[in-house]
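Trainee: One structure, as structure tokens, below. Some questions next.
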Amino acid sequence: VVSGYNGTIVAYGQTSSGKTHTIFGEDTNDEAAAGLVQRSLKVIFDKMNNGYDEGQQKHSAKASFFEIYNEKVYDLLSSN
């Protein structure tokens, strides 16, 4: 991801199997309880900051969060 490639995190499984917990973790500041999203973003932004400090590269980041449920797509960042 940091080298210019796109990345995707997907959670697939039946209802109540722990997908949301795995992706987002617990609602706490404890790093040990962080989910895949928090851990991944920390690594990405740490790498971006290290390159920025050395004046090597300019970076940009985009994120999308969506859910597919009953064959319908829901944008989780939309206010609608």
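Trainee: Can you compute 3J(HN,Hα) from phi for each residue in the range 70-80, using the Karplus curve 6.51 cos²θ - 1.76 cosθ + 1.60 with θ = phi - 60°, rounded to whole Hz and x for Gly and Pro?
Mentor: The phi angles translate into 6, 6, 10, 9, 10, 7, 7, 9, 7, 7, 8 Hz.
Trainee: Here's something else I'd like to know. State the label only: which of (1) 46, 29, 23; (2) 54, 23, 15; (3) 37, 24, 23 corresponds to Cα extents along the principal axes in Å computed from the shown model?
Mentor: (1)
Trainee: Then there's this: Which residue, SER17, SER3, SER79, has the largest displacement toward the positive end of the dipole of the chain when charges sit on each Cβ (Lys, Arg +1; Asp, Glu -1)?
Mentor: SER3
Trainee: Can you give the charge dipole size of the chain about its Cα centre, rounded to the nearest 20 debye, using +1 on the beta carbon of Lys and Arg and -1 on the beta carbon of Asp and Glu? If you can, show how the numbers build up before the last one.
Mentor: On the way: 7 positive and 10 negative charges, 57 e Å.
My answer is approximately 280 debye.
Trainee: Quick one: ranking ILE9, ILE44 by accessible area, 1.4 Å probe, largest first, what do you get? Let's see the in-between values first.
Mentor: Numbers: ILE9 85, ILE44 40 Å².
Descending order: ILE9, ILE44.
Trainee: I'd like to check one number: the per residue accessible area of the chain, probe 1.4 Å, reported in Å² as a whole number.
Mentor: Numbers: 7450 Å² over 80 residues.
Per-residue value: 93 Å².
Trainee: Given H placed on each backbone N at 1.01 Å, which residues far from GLY25 in sequence or on other chains put an amide H within less than 5 Å of it?
Mentor: Amide H neighbours of GLY25: GLY35, LEU36.
Trainee: With a Förster radius of 30 Å, plug the Cβ-Cβ distance of MET48 and THR20 into 1/(1 + (r/R0)^6) and report the FRET value to the nearest 0.05.
Mentor: Values: r = 27 Å, r/R0 = 0.89.
Computed FRET efficiency for MET48 and THR20: 0.65.
Trainee: How much of the accessible area of the chain, in percent, comes from carbon and sulfur atoms when a 1.4 Å probe is used? Show your work: numbers first, answer last.
Mentor: On the way: 3590 of 7450 Å².
C and S fraction of accessible area: 48 percent.
Trainee: To continue, here is another question. With axes computed from alpha carbons, what is the tilt in degrees of helix 36-53 against the longest principal axis of the chain, rounded to the nearest 10 within 0 to 90?
Mentor: 10 degrees
Trainee: Collect residues whose amide H, placed 1.01 Å from N in the peptide plane, falls under 5 Å from the amide H of PHE65; neighbours closer than 5 in sequence don't count.
Mentor: Those qualifying (amide H under 5 Å, at least 5 residues apart or on another chain) are LEU76, LEU77.
Trainee: Using label points projected 7 Å from each Cα along Cα→Cβ, tell me how many nm separate LYS58 and ALA11, to one decimal.
Mentor: In this crude spin-label approximation the distance works out to 3.6 nm.
Trainee: Please give me the summed charge of the neighbours of ALA33: other residues whose Cβ is under 11 Å from its Cβ, Lys and Arg +1, Asp and Glu -1.
Mentor: On the way: positive: ARG39; negative: GLU26, ASP27, ASP30, GLU31.
Overall, the nearby charge balance is -3.
Trainee: Considering Cα pairs under 8 angstrom that are at least six residues apart, work out the relative contact order of the chain and quote it in whole percent. List each step's numbers first, then the result.
Mentor: Values: 49 pairs, mean separation 12.8, N = 80.
Across the chain, relative contact order equals 16 percent.
The values are calculated or read from the model by the stated rules, or taken from the named source; none is laboratory data. Not measured: the values here are computed from a predicted model. Quick reminder, even Gly has a Cβ in these numbers, built from the backbone with ideal geometry, and neighbours come from all protein chains shown. For accessibility, only protein heavy atoms count, side chains too; no ligands or nucleic acids. Shrake-Rupley method; radii C 1.70, N 1.55, O 1.52, S 1.80 Å.
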